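Worksheet for the structure shown next.
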Amino acid sequence: MSAILPRRAAYRVQQFGRALLAGWRGPDQAELAEARHWLPPSGWQLFAEMPRAEQRHALNVWHSLKSAGYEQPELAQAALLHDVAKYRGGVKLFHRVTVVLIKAFAPRMWQHLKELAEPPRTDWRYPLWTHANHPAGSAALAEAAGCSPEAVDLIRRHQEVLATSQSLTPAETLLVAFQTADDEN
């Protein structure tokens, strides 16, 4: 257990550095065209409104999936829009750092945030609540934007913990691949 915490902390420091760099190096025109190709028009609008760092993360997740041999349109849509509710909910980098700390040192507080009724947007907890509940929020936005039902389901479930000791359905296999790509990026 003691070796896991330093490795996880090192991973989070690297992730933080990548997030900072991503803000400076946004997607190039070819990557934006690729995102536009996979998304319905309203989904593209959601993607285009996201900050460059969020776009970079989403594209990195999709590129990881493609590198692993996945080319399903529902995975592309899920990868590109899975975190859109975070941006829409005002989640900033310092909120993300706060979330990492809460998860590590106060997991019951994190569970409370997930179960909390939606606070007003002016409440200091709103961005944290949004982060905790972003899978459902992002899924709702993707559904309203015309993404496929399979993409919406992948987005809704992208933080779900699966029992991998049993055989997985084809949809769950895609979900595990998606979760792995998201965790690595």
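A short reminder: the numbers here are calculations on the coordinates, not readings from a lab. Small disclaimer: the values here were computed from a predicted structure and weren't measured. Glycine gets a Cβ as well: all are built from the backbone with ideal geometry, and neighbour counts include every protein chain shown.
Between Trp124 and Arg25, with labels modelled 7 Å along Cα→Cβ, what's the label distance in nm to one decimal, could you check?
3.7 nm
In a Gaussian network model over the chain where Cα atoms closer than 10 Å are linked, find which of Thr173, Thr130, Thr122 has the largest mean-square fluctuation.
Thr122
Within straight cross-link reach of Lys103, meaning Cα distance under 21 Å, which lysines are found once same-chain residues fewer than 8 apart are removed?
Partners within reach: Lys86, Lys92, Lys114.
Which ³J(HN,Hα) values in Hz, rounded to whole numbers, follow from the phi angles of segment 77-87 under the Karplus curve 6.51 cos²θ - 1.76 cosθ + 1.60, where θ = phi - 60° and Gly and Pro get x?
4, 5, 4, 6, 10, 5, 10, 4, 5, 4, 4
Given Cβ point charges of +1 (Lys, Arg) and -1 (Asp, Glu) and nothing else, what value in debye, to the nearest 20, does the dipole of segment 4-184 about its Cα centre take? Intermediate results must be reported in sequence, preceding the final value.
On the way: 20 positive and 19 negative charges, 181 e Å.
Roughly 860 debye for segment 4-184.
Contour minus end-to-end for Ala48 and Val161, with contour as 0.36 nm per residue of separation and end-to-end as the Cα-Cα distance? Could the numbers behind the result be given before it?
Numbers: separation 113, 0.36 × 113 = 40.68 nm, distance 2.96 nm.
Extra length from Ala48 to Val161 when fully extended: 37.7 nm.
What full-extension length gain, to one decimal in nm, is calculated for Arg108 and Thr169 as 0.36 nm per residue of separation minus the Cα-Cα distance?
Working: separation 61, 0.36 × 61 = 21.96 nm, distance 3.11 nm.
Extra length from Arg108 to Thr169 when fully extended: 18.9 nm.
From Cα pairs below 8 angstrom and at least 6 apart in sequence, can you work out the relative contact order of the chain, rounded to a whole percent?
Values: 196 pairs, mean separation 44.4, N = 185.
Reported as a whole number, the value is 24 percent.
What shape does the chain have by the C-alpha gyration tensor, where a ≥ b ≥ c are the square roots of the eigenvalues, rounded means a/c under 1.5, and otherwise prolate means a/b greater than b/c and oblate the rest? Spell out each step's value before the answer.
Values: a/c = 1.32, a/b = 1.21, b/c = 1.09.
Judged from the Cα gyration tensor, the chain comes out rounded (a/c under 1.5).
Averaging sequence separations of C-alpha pairs under 8 Å and six or more residues apart, then dividing by the length of segment 39-112, give the relative contact order as a whole percent. Could you put the intermediate results ahead of the total?
On the way: 36 pairs, mean separation 22.5, N = 74.
30 percent.
With θ set to phi - 60°, apply the Karplus curve 6.51 cos²θ - 1.76 cosθ + 1.60 along segment 129-139 and write out the HN-Hα couplings as whole Hz, x wherever there is a Gly or Pro.
Working through the residues one at a time gives 4, 4, 4, 5, 10, 5, x, 5, x, 5, 4 Hz.
Hey, what do the phi angles of segment 152-162 turn into as Karplus ³J(HN,Hα) couplings, whole Hz, using 6.51/-1.76/1.60 and θ = phi - 60°, x for Gly and Pro?
Going residue by residue, I get 4, 5, 4, 5, 4, 9, 5, 10, 6, 8, 9 Hz, with x marking Gly and Pro.
I'd like the FRET efficiency for Ala68 and Leu93, computed as 1/(1 + (r/R0)^6) with the beta carbon distance as r and R0 of 35 Å, rounded to 0.05. Before the final figure, lay out the partial values.
Numbers: r = 28 Å, r/R0 = 0.79.
For R0 = 35 Å, the calculated efficiency reads 0.80.
How much net charge surrounds Ala171 when only the other residues with a Cβ under 13 Å from the Cβ of Ala171 are counted, with Lys and Arg +1 and Asp and Glu -1?
With Lys, Arg at +1 and Asp, Glu at -1, the neighbours total -3.
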